[in-house]
Every structure is written in structure tokens, then in C-alpha cells.
Amino acid sequence: MPAEKIMTEQNRSTGGTEESLEQADEFARMAAQSQRIGADFIARQQSKGVLEPQGPFNVGQAFMEMTQQMLADPARLVQAQLGLWEGYVKLWQHTASRMMGGKPGEPIVMPAPDDRRFRAAEWRDNHIYDFIKQSYLLTSNWFLSTVQKNTGGLDEKSAQKLAFYTRQFVDAVSPANFVLSNPTVLRETLDSGGANLVRGLGNMLDDLERGGGNLYIRMTDTDAFEVGENLALTPGKAVFQNELMQLIQYAPTGETVYRRPLLVIAPWINKFYVLDLKPENSFIAWAVAQGYTVFAISWVNPDGRLSHKGFEDNMREGPLAALDAIAEACGEKQVAAVGYCLGGTLLSATLAYMSAEGDKRITSATTFATLVDFDEPGELGVFIDEEHLAGFEKSMNEKGYLDGREIAITFNLLRANDLIWSFVINNYLMGKDPFPFDLLYWNSDSTRMPAEMHSFYLRKMYQQNALVQPGGIDLDGVPIDLSKIDMPAYMLAAHEDHIAPW
């Protein structure tokens, strides 16, 4: 239908002219926003200079080596291609039978049980979308298996990197990520006359502007939460502070009160309230209800002025300073301690230091989702090579800190379908706002990390795995040994954790 006729039909409906003017205003707003984002981006690139072609995400050399291996054994390459062709022949027969009215037989290939991308009924019931889905799965599985089988001559890091980035490519080209090949998105587009795509463009521009030209995808409705309003509601007060943290004290509410307080050490990559989200899933609210006096470390969000603060400083000005402040606040010198994620790694290192010093002020330890042995860090190991670490350190040295959003992007890549592409579909293709989720709100509320501390953490823990080596790390001039820690300890790991693998 010609554009003029569409406009005429719209104007005949009630409020058509007003609606058209609103649409025009919205397009004008987005055009101005796009121009502003583009100008800001160009200005930043001009100030920084041309990006280096050999960045930490460069895997060209590894792909070249793999290709040479494949060409050196053409028989195996032909065999792999024949396997793919055989799968496609079976798929054509399967689809042709369905198109001619035959009963749908068993699919040639099925999504993994935890793959949420193809759960809409059309992917199963409509033979065209079923063919699109199965052809994608056949090809993507072939890509992944071919890469896996041809990395035998590469070093372990290069092989892992190749497999990881191949999966990133395969995930990115999924038919679920495009309007015309996603039945749910296509139906919404037709039903709304494309309004979902207009809203989606607005959402994307908002995310680009919020990220200063970088696309920081909104994972939750950020307007649905506010710390002190519906998050972090357990009553508490700051009783001590220094350059790196504030110590918050929470009074017990149970009928029986424990004499020994509980010290909670949060990770410094996000805010302290991960253990005090909504009241119904707040660990701190639960602990005070059991009769514990809880003290929680809330780390500062550092800027370049704290770039020199290292891991030792986090120990001295974190848990050790907290122990002194707790004794001052309530007269108790001994505490039980809980560490979450990075906070648990710091707690473990601190306990080894205290053991070497004969300091027995912590009497028991609990860690949640914590790594101390970094020998098998999962796919995070892809980013822990000299190339990546040098890139991180260059970025940190320029500013004096590492922005937590940079780490968040890395973490999200580990589960790209759940933490990237699902939101691309929802926010940009469907034009919807993300669902309110307190944990994802906390996850997006990231903090910065001092350059010195984070470089030490990445190199000593991830690259060298020195924490589990007796004497592998010195803290404040003291060689530490985790095996010397002698106290009741409880370690909780999560089966689906992609940061601290089970």
C-alpha cells in the first residue's frame, strides 16, 4: 500500500492525526538522539586514536593454525562435510514429508534441554520454522564439533579460545535473533504494524546513550527498584569507615541473641546488598531474625585516586579493620565470617594470613560461590592469557581503575543466549521493557576496581593460581598457606554458576 494511502487511512481513524504527530515527534527525538550518540562516539575515537588491530579479542592466528591442520588432513574434512550433507538430506526428507501432509516424525536434531530460544510452538508446529530451526542446529553443531576436533595441535588456551568464540558466532547468527526468522517477533511486528521495532529502536538508543556509545543492554526495569525503598531494607547503621569501606551494623531481632557477631564480606565488583535484596530473599534479614548481630562491609566505589590500593590494602582496610571496629562497637573480639564471591576469596586469603600471625579472631568461615583454586575457572579462562591481561591493564592504567561494566560484559559472554541475546530479542525486537528482577538490578549496579588490586587478583589468582600454592602469595610481607587454616568451614557452590564453576 502506498505511504500516502496508509497515512490517509490512519487519519480517518479516531485521533489519527494526533497519533501521526506523536509518531513524528518520536522519530525526530530518536534521530536527534542518534546524531548525538554518533557525534560523541566519533569525538571519543578521535581523542583516543585509532584502535589497535591486535586487541585481546583477536583470534585470527589461532583460526589460521586450525585451518592449516584441517587442510593437512583433507580426508577428515571431507568426512565432516559428508556428515553435514547427510544430515541435510534427512532434514529435507523430513520437511518434505510434513509439507505433503505426512505425520511429523522424530526431529533430525533437537535443541539442548536448557535451550530456551525455540520454545514457541511455531518452532515445532510450523514446518517452515521447524526447518529453519533444525537447519540452524545442524549447521551450528557441525561448526562447533569441527572446531573441537581440529584443535588437537593447538595449545590448550588457543583451543579453548577458538571453541569459545566459535560459540559466540554460532549464538549470534541464531534465527531467533532476527525479525523474519523468529515467529514470535514476526507475529508481534505484523500485529502492531511495526510499533514493536520502533519501540525497540528507542530502547537501543537509550542503552547506547546510557553507555556513552557502548551498548549496555538493560536487563531489568531499573525504575522498579531503589535501595532503601524496596531493596536493602534491613535496618542498619554505618559504625565505621575508611578509604575503602563502610562497616554497617544490623541489630538482631530474634528472641535469643548470639554473643558472637557475624561479619559479612561482599564482593567489591558490586554493591553490598547482594545479601540484602528483597526481604523475602535477604540473607542479612534472615540472620538478624536468628539472633545474630550482623556487620557487613560495603566497599567504596573507587576512582583514579585509589589506583594504588592493592589486595593487601583490601585485607587490612577490609576484614581486619572490620574486626577492630566490631570489638569497638560491641566489645566482642571473636566473630563468625561469611564471604560471597570475591569476598570469599578475600576471606580465605585473610584467614591464611591470620593463621600465620596467630590471630584467632575469626572462629568459623562460610563462603558462597567462591573460588580459591583457580586451576579450572571455566570459560573465564579464555580471558586469562597475557594478551587479555595486558589489554585489561592498559585500560586500568589509563584511568586508574577498571569499570565494573567491562567485567560485566565479559561475564555475560559466558552465557550469551541467556544474558545477551534474550534481552536483544525482548528489548529491541519485541520492543518490551525488561522484567523487574532484583538480582539483575544488583548485577547491573556495578562498581569500579582499583588498578593495582585488580591486576594482582587477575595475575596471582587466575593466571598463576598462586593462592593454593603454599607460600605462593605474600600479604603484608607474610607468606600465606591455605592449608594452615584450622576452623569449621562451610563452602557453598551453585551448580549453574558460570563465574565460580561447580
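The values are calculated or read from the model by the stated rules, or taken from the named source; none is laboratory data. All values derive from a computational prediction rather than experimental measurement. Glycine gets a Cβ as well: all are built from the backbone with ideal geometry, and neighbour counts include every protein chain shown. Just so you know, the surface numbers come from the protein's heavy atoms only, side chains and all, with ligands and any DNA or RNA stripped out. Shrake-Rupley method; radii C 1.70, N 1.55, O 1.52, S 1.80 Å.
For region 137-185, a residue qualifies if it is out of contact with any Ser or Thr (no Cβ under 8 Å at 6 or more places or on another chain) and more than 27 Å from TRP123 (Cα to Cα), and the qualifying residues are GLN148, LYS149, ASN150, GLY152, GLY153, LEU154, ASP155, GLU156, LYS157, GLN160, LYS161. Yes or no: region 473-490 includes at least one residue that is aliphatic (A, V, I, L, M), open to solvent by 70 Å² or more (accessible area, probe 1.4 Å) and over 15 Å from the mean Cα position of the chain (by Cα). Checking region 473-490: not a single residue is aliphatic (A, V, I, L, M), open to solvent by 70 Å² or more (accessible area, probe 1.4 Å) and over 15 Å from the mean Cα position of the chain (by Cα). So which residues in region 417-462 are among the aromatic types (Phe, Trp, Tyr), part of a helix (DSSP H, G or I), open to solvent by 40 Å² or more (accessible area, probe 1.4 Å) and closer than 19 Å to ASN196 by Cβ? Hit for region 417-462 is TRP421, nothing else. Here VAL274, VAL335 are screened, and the one residue that is open to solvent by less than 30 Å² (accessible area, probe 1.4 Å), at pLDDT below 95 and not basic (Lys, Arg) is VAL274.
Here's a check for you: in region 390-416, which residue that is open to solvent by less than 20 Å² (accessible area, probe 1.4 Å) and in contact with a strand residue (DSSP E or B) (Cβ under 9 Å, 6 or more places away or on another chain) is farthest from VAL185 (Cα to Cα)?
Filtering region 390-416 down to residues open to solvent by less than 20 Å² (accessible area, probe 1.4 Å) leaves 396, 400, 402, 404, 407, 410, 414, 416.
Then keep just the ones that are in contact with a strand residue (DSSP E or B) (Cβ under 9 Å, 6 or more places away or on another chain); that gives 396, 400, 402, 404, 407.
Values: MET396: 40, GLY400: 43, LEU402: 37, GLY404: 32, ILE407: 31 Å.
It comes out as GLY400.
Beta carbons closer than 6 Å, at least 6 apart along the sequence or on distinct chains, pair a first residue in region 318-346 that is farther than 25 Å from LEU467 by Cα and touching a residue at least 12 places away in the same chain (Cβ under 8 Å) with a second that is open to solvent by 10 Å² or more (accessible area, probe 1.4 Å) and part of a helix (DSSP H, G or I) for LYS333/ALA327.
Within region 392-418, residues that are of a type in the set (Phe, Trp, Tyr) reach partners that are part of a helix (DSSP H, G or I) and surrounded by fewer than 18 Cβ atoms within 10 Å (Cβ to Cβ) with beta carbons closer than 7 Å, at six or more positions or on different chains, in the pairs TYR401/GLY304.
Picking from VAL227, VAL257, VAL264, which residue would you name as being touching a strand residue (DSSP E or B) at 6+ places or on another chain (Cβ under 7 Å) and of a type in the set (Val, Ile, Thr)? Show your work before the answer.
Numbers: VAL227 fails: touching a strand residue (DSSP E or B) at 6+ places or on another chain (Cβ under 7 Å); VAL257 fails: touching a strand residue (DSSP E or B) at 6+ places or on another chain (Cβ under 7 Å).
Only one candidate passes the filter, namely VAL264.
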